[in-house]
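The values are calculated or read from the model by the stated rules, or taken from the named source; none is laboratory data. None of these values were measured; they are calculated from a predicted model. Here the Cβ is made from the backbone with ideal geometry for all residues, glycine too, and neighbour counts use every protein chain on show.
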Amino acid sequence: MLKEIDLLQPRSHLSDEQQGIQVYDTTELYGETGRFRVLQFSGDAIQGALDLDHPRRVVFEYPRAMIHLMEAGGPFFEDVFLIGHGIGTIAGYFTEKRFKIAEVSAEVVELSRQHFGYSQDNVIVGDGRSILEGEPEHCYDYILLDAFTADGTPRHLISSGFFALARSRLNSRGSIIMNLMGRSEKDRLMGAIHTTLSEAFPYVKAFALPSGGTADIRNILIMGSGKPIRYQARQMAGFAEITLGQGHVIRD
């Protein structure tokens with residue numbers, strides 16, 4: 001529910017009680033100075049940022065790493081299904097590819113167009129799993145998951161049923177790449193997601209940014225593929241491969 005848009009005001013002007021979706025401009029973002037426009041959920045969860053001085057720049061590390069994993073897996077891919085639109089960073093980077101995007105919030109789609117310059121007509125408003133169920137089998141090169149609620153990634157998007165669905169919608173060499181939030185090797189949920197994904201895909205790798213401690217929440221990328229996963233460490237925007245522990249299988 002869109003309750004307030006606080007556009008072009010510095011972050012310090014936002015109340016802790018404000019909820020919903022906010023858009024604002026700031027001259028500082030995670031220690032970097034410049035001119036940034038930010039899409040933020042529920043007061044803290046930043047969903048996307050635009051460098052106003054360099055609009056083509058991909059600001060955050062995790063989409064840069066996801067982009068590299070896609071390109072390293074085969075630069076001639078064509079068809080991508082993306083769950084979670086944000087400001088349209090990855091689809092906007094690959095304008096020459098065919099993207100179909102599922103976004104549960106109509107407000108997010110509208111804000112991406114009004115304030116972040118997203119212009120493609122490829123976003124469907126609705127639940128990503130339900131929309132993917134209606135897609136033909138074996139038609140996608142990549143499925144990307146970048147969807148969050150206040151409680152994290154929705155359970156029905158990290159279950160064995162969802163991963164089996166994703167595998168059936170990917171071609172034989174296709175891959176799923178997920179942006180998640182967790183505590184790396186010590187996180188039981190990350191271990192469960194890794195274990196569950198491994199039931200559907202023969203090749204699975206996980207990557208995380210460096211952290212000061214095992215308790216720090218950070219972006220974790222997990223990739224499942226029908227072919228060996230290749231990448232160049234220097235192109236991973238600071239993400240390094242990690243080993244996740246075994247966990248339980250997540251059922252619907």
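For the reader, a short list of remarks on this structure follows.
- Residue ID - farthest from Arg56 (Cα to Cα), chosen from residues in the stretch 131-152 that are surrounded by fewer than 20 Cβ atoms within 10 Å (Cβ to Cβ) and under 18 Å from the mean Cα position of the chain (by Cα): Asp151
- Being touching a Phe, Trp or Tyr at 6+ places or on another chain (Cβ under 8 Å), among the aromatic types (Phe, Trp, Tyr) and crowded, with 19+ Cβ neighbours inside 10 Å holds for only one residue in Tyr62, Tyr118, and it is Tyr62.
- Enumeration of residues in the stretch 226-242 that are in contact with a Pro (Cβ under 8 Å, 6 or more places away or on another chain) and either part of a strand (DSSP E or B) or surrounded by fewer than 16 Cβ atoms within 10 Å (Cβ to Cβ) (or both): Gly238, Ala240
- Meets criteria (buried (at least 18 other Cβ atoms within 10 Å of the Cβ), over 13 Å from Leu180 (Cα atoms) and small (Gly, Ala, Ser)) for Ser211: no
- Subset of the stretch 74-89 that is out of contact with any Asp or Glu (no Cβ under 8 Å at 6 or more places or on another chain) and surrounded by fewer than 22 Cβ atoms within 10 Å (Cβ to Cβ) - its residue that is modelled with the highest pLDDT: Phe76
- Checklist (1) part of a helix (DSSP H, G or I); (2) more than 21 Å from Ile21 (Cα to Cα) applied to Ile143, failing item: (1)
- Test: residue in the stretch 146-162 that is touching a Pro at 6+ places or on another chain (Cβ under 8 Å), of a type in the set (A, V, I, L, M) and touching a residue at least 40 places away in the same chain (Cβ under 8 Å): yes
- Helices (runs of 4 or more DSSP H) fully within the stretch 33-138 that include at least 3 residues being more than 29 Å from Asn171 (Cα to Cα): 106-116.
- Check on His85, closer than 26 Å to Ala208 by Cβ and without any contact (Cβ under 8 Å) to a residue 40 or more places away in the chain: yes
- Complete set of residues in the stretch 169-190 that are in a strand (DSSP E or B) and of a type in the set (Gly, Ala, Ser): Ser172, Gly174, Ser175, Gly182
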